[in-house]
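Asks: The structure follows.
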Amino acid sequence: MEYRRFPLSCECGGGPKQISGIGFSVNREIVIHWRCARCHKRVCTVRPLLEAWSECFGGRPLLTADTPDDRRFLHSIGVKFADE
Ligand SMILES: [Zn+2]
């Protein structure tokens, strides 16, 4: 599966050594708990889902929904399509 890696960066400039948990907040934010490879600090990264998407793909996300279920799901998390 093709995907873009979500950029994670500690305040020391280090990247993740280990991801210890990924989930979503009730406010539709993605929450990633990880440990920095450089300073070994535990870091919690929280981003609104669309902002995280934009960080991966740069700019406004362009999406295609293959099925009505895909479209309903994407609508439910706040995604808008170019034809809307
Ligand atoms: Zn660090």
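The values are calculated or read from the model by the stated rules, or taken from the named source; none is laboratory data. None of the values given here were measured: they were computed from a predicted structure. So basically every Cβ, Gly included, is an ideal-geometry build from the backbone, and we count neighbours across all protein chains shown.
Asks: Scan region 26-37 for residues that are at pLDDT 95 or above and either assigned to a loop (DSSP other than H, G, I, E, B) or of a type in the set (D, E, K, R) (or both) and report the count. It would help to see each step written out before you state the result.
Replies: Filtering region 26-37 down to residues at pLDDT 95 or above leaves 31-37.
With the extra rule that they be either assigned to a loop (DSSP other than H, G, I, E, B) or of a type in the set (D, E, K, R) (or both), the set shrinks to 35, 37.
Qualifying residue count for the region: 2.
Asks: In this structure, does His40 turn out to be modelled with pLDDT of 90 or more, within 16 Å of the ligand (Cβ to nearest atom) and loosely packed, with under 13 Cβ neighbours inside 10 Å? Please lay out each step first, then the result.
Replies: Details: modelled with pLDDT of 90 or more: yes; within 16 Å of the ligand (Cβ to nearest atom): yes; loosely packed, with under 13 Cβ neighbours inside 10 Å: yes.
For His40, the condition - modelled with pLDDT of 90 or more, within 16 Å of the ligand (Cβ to nearest atom) and loosely packed, with under 13 Cβ neighbours inside 10 Å - is met.
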